[in-house]
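Have a look at the structure below, then the notes.
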Amino acid sequence: MMEVEAKVRKWGRSFGVVIPKEKIKEEGIKENETIRLLIGKKTNVLKETFGTFKFKKTTQEMLDEIDKESWDA
């Protein structure tokens, strides 16, 4: 089993995906064979896991603070 990223395309009144020829060869898939597809929308796993961070300080303020701590040590 392998993971393949593909774009969904409209075909008539349906939708479909094109599986790259190299992947078909790697898996040994033949015409008219039944295959199983796991379908999932491409997402940002880190964002789903941790959510969106809201910082009270700007990036520059945080960097300045790190620099200050480095000099004080």
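Annotations for the structure displayed:
Residues checked against (1) free of Cβ contacts under 8 Å to residues at least 12 places away in the same chain; (2) hydroxyl-bearing (S, T, Y); (3) over 14 Å from M1 (Cβ atoms):
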site: P20; (1), (2), (3): no, no, yes
site: E26; (1), (2), (3): no, no, no
site: E31; (1), (2), (3): yes, no, yes
site: R36; (1), (2), (3): yes, no, no
site: T49; (1), (2), (3): yes, yes, yes
site: L63; (1), (2), (3): yes, no, yes
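- When we screen G16, G28 for residues that are on the phi > 0 side of the Ramachandran plot and out of contact with any Gly (no Cβ under 7 Å at 6 or more places or on another chain), the only hit is G28.
Every read-out reported here was derived from the displayed coordinates using simple, explicitly stated rules and does not represent laboratory data. What you see is a predicted model, and the numbers here were worked out from it, not measured in a lab. Heads up, the Cβs are rebuilt from the backbone with ideal geometry, glycines too, and the neighbour counts pull from every protein chain shown.
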